Amino acid sequence: MSIATMTDSPIWQPFTQMKTADPPLKVVRAQGACLELSDGRQIIDAISSWWVTLHGHSHPVLAKALYGQAQTLEHVIFAGFTHEPAEQLAQLLCAHTPGGLQRVFFSDNGSTAVEVALKMAYQYWQRRDQPQRSRFIGFAGGYHGDTLGAMTVGQSSPWWQPFQPLLPPLTILPYPATYPEDPEVDTKEAQAIAQLETTLKTDPDAYAALFIEPLVQGAGGMRMCRPQFLRAVSEVAKAYGVLVVYDEVMTGFGRTGALFACEKAGTQPDLLCLSKGLSGGCLPIAVTLTTEEIYQAFYADDPARAFFHSHSYTGNPLACAVSVASFQLLLAHPEAYQGLEARHWQCQQRYLADVSHLKQFRTCGTIAAMELETEASYFSDLVPQLRRRFIELGVLLRPLGNTLYILPPYCISDAELATVYRAIRQVAIEVAEGYFA
């Protein structure tokens with residue numbers, strides 16, 4: 001019996017209601033932007049397999065880096081030891097992120113990168129003899145991962161309600177999600193900044209850090225904000241001494257059209273969380289970059305003042321080696337991600353401009369999103385129906401409620417991208433005609 005038809009598989013899948021979900025599709029190989037299923041079907045991976053695959057599947061440069069490293073050193077404890085791939089990766093990251101970020105802490109995934117930032121920010125103020133700075137600020141719709149610390153700064157997400165009793169309080173500010181020709185964007189931004197200023201004025205010594213997904217909130221619905229909003233947020237936070245943490249787990253490595261969203265926005269965070277595309281989609285790895293000032297708060301003769309956090313696979317040489325290769329590909333071929341925004345707009349104009357059930361088209365670099373005019377929520381029965389229909393049309397898309405988005409590998413061809421947009425057109429027309437009623 002193939003995995004695709006199993007009903008008693010021992011696998012418990014993520015973000016899936018196992019009782020009602022369709023049987024999982026078995027992928028036997030992948031190349032470029034396409035997945036090949038066990039039944040021979042070719043599916044365009046239009047979401048980069050949950051936003052991790054940058055250069056395409058089975059990329060020969062990444063495979064070569066992985067193979068070469070596996071013959072030399074597959075893993076070593078990272079406490080008290082180091083190795084060349086980690087050193088190379090750390091140097092690359094420090095050279096191509098804002099200049100004040102000069103220290104790199106390795107972990108395993110985006111959620112743990114956020115955990116590291118949260119713990120660093122909290123302990124930083126303790127080391128500075130200001131333990132009263134123990135609260136955090138987040139934004140409505142923010143998502144920072146699934147572990148308890150990451151959930152703490154993303155409490156407005158609907159998935160975390162059952163865990164609310166476990167989470168410390170969070171101050172949640174409005175997020176001025178916008179789109180081209182949004183008539184209310186200035187008002188929304190002004191209100192959010194005013195609320196931030198009021199919050200910090202009311203209790204100026206209470207807050208340790210502010211967490212934000214810069215330019216694009218991912219899981220919250222690909223909600224986008226303007227660079228000037230990020231600059232205003234950073235200015236206010238820094239005026240009150242609050243650390244600014246950028247969660248670039250999704251937006252990093254070219255996704256916004258620049259190497260990093262902080263570069264595109266012209267801002268300097270105090271801590272920067274990276275994962276997903278870091279290894280080009282090959283292996284789990286994450287980093288948290290921070291300033292020398294924060295690093296020095298833990299640098300002391302007293303062993304108890306060290307930063308106590310680790311994972312068994314911290315700084316894994318295989319993951320570091322393939323991450324170096326992936327980063328070097330980005331630096332060598334910036335056109336791969338810099339040209340996608342124009343291609344998105346061209347496809348939207350060609351295939352979707354006359355589709356009445358689609359609105360609020362928006363792009364940010366390689367990311368494109370739009371709203372489907374339905375009453376669908378994240379937990380709606382319509383969402384799995386849409387996913388199923390897209391697969392039938394040869395495209396992997398995972399709507400976020402009524403938000404349709406495209407976040408493809410940078411290698412996607414014009415023909416493949418057109419196929420994705422034609423599928424969206426077809427599904428939107430079917431929704432309008434009551435096909436899914």
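The values are calculated or read from the model by the stated rules, or taken from the named source; none is laboratory data. This is a predicted model, so every value here is computed, not measured. Counting neighbours? That spans all protein chains shown, and the Cβs are built from the backbone with ideal geometry, glycine included. Ligands, DNA and RNA are excluded from the accessible area calculation, which covers all protein heavy atoms including side chains. Shrake-Rupley method; radii C 1.70, N 1.55, O 1.52, S 1.80 Å.
For a 25 Å ceiling on Cα separation, which of these pairs sit above it: 119/276; 64/276; 188/359; 188/276?
Numbers: 119/276 21 Å; 64/276 20 Å; 188/359 19 Å; 188/276 30 Å.
Correct reply: 188/276.
Kindly state, to the nearest 0.05, the FRET efficiency for residue 414 paired with residue 91, given R0 = 45 Å and r defined as their beta-carbon distance. Don't skip to the answer; put the middle values down first.
Values: r = 36 Å, r/R0 = 0.80.
So the FRET efficiency works out to roughly 0.80.
Stretch residue 75-residue 231 to full length: gain in nm at 0.36 nm per residue minus the Cα-Cα span?
Numbers: separation 156, 0.36 × 156 = 56.16 nm, distance 4.03 nm.
Taking 0.36 nm per residue and subtracting the Cα distance, the gain is 52.1 nm.
Pick out which of 47, 172, 77 has the largest mean-square fluctuation in a Gaussian network model of the chain, springs linking Cα atoms closer than 10 Å.
Residue with maximal mean-square fluctuation among 47, 172, 77: 77.
What distance in nm separates the two pseudo spin-label positions at residue 430 and residue 17, each 7 Å out from Cα along the beta-carbon direction?
Output for this residue pair reads 2.0 nm.
For the chain, what is the accessible area per residue in Å², given a 1.4 Å probe and the full set of protein chains?
Values: 19280 Å² over 437 residues.
Counting only protein heavy atoms, the per-residue value for the chain is 44 Å².
Taking 35 Å as R0, compute the FRET efficiency from the Cβ-Cβ separation of residue 302 and residue 338 and round it to 0.05.
On the way: r = 47 Å, r/R0 = 1.36.
According to the calculation, E is roughly 0.15.
Ignoring the sites themselves, what is the longest stretch of the chain with no trypsin sites (Lys or Arg not before Pro) in a DSSP loop and at most 15 other beta-carbon atoms within 10 Å? Let's see the in-between values first.
Details: sites that count: 19, 26, 41, 128.
Longest site-free region, per DSSP loop and neighbour criteria: 129-437.
For segment 353-379 and segment 276-343, write down the distance between their C-alpha centroids in whole Å.
32 Å
Which value in nm describes the separation of the simple spin-label points at residue 238 and residue 350, placed 7 Å from the Cα toward the beta carbon?
Result for the modelled spin labels: 4.3 nm.
Give the carbon-plus-sulfur fraction of the accessible surface of segment 62-328 in %, rounded to a whole number; probe 1.4 Å, heavy atoms of protein chains only. Write out the running numbers ahead of the final one.
Values: 5860 of 10730 Å².
Ligands and nucleic acids excluded, carbon and sulfur give 55 percent.
When the dipole is taken about the Cα centre of the chain, and only Lys, Arg (+1) and Asp, Glu (-1) are charged at their Cβ, what size is it in debye, to the nearest 20?
Working: 31 positive and 42 negative charges, 51 e Å.
In debye, rounded to 20, the chain gives about 240.
Which residues make up the longest stretch of the chain that has no GluC sites (Glu not before Pro) in a DSSP loop with at most 16 other Cβ atoms within 10 Å?
Details: sites that count: 74, 181, 184, 373, 375, 433.
The answer is 185-372.
Go ahead and estimate [θ] at 222 nm for the chain from helices alone: -39,500 (n - 2.57) per DSSP H run with n ≥ 4, summed, over the residue count, rounded to 500. Kindly include the intermediate steps, with their values, before the conclusion.
Values: 14 runs with 151 residues, N = 437.
Calculated at 222 nm, the ellipticity per residue is -10500 deg cm²/dmol.
What is the gain in length, in nm to one decimal, between residue 61 and residue 41 on full extension, counting 0.36 nm per residue of separation less the C-alpha to C-alpha distance?
Details: separation 20, 0.36 × 20 = 7.20 nm, distance 2.60 nm.
Taking residue 61 through residue 41 to full extension adds about 4.6 nm, to one decimal.
When only C-alpha pairs under 8 Å and at least 6 residues apart count, what is the relative contact order of the chain, in percent? Walk me through the numbers before you get to the answer.
Details: 819 pairs, mean separation 93.7, N = 437.
It rounds to 21 percent for the chain.
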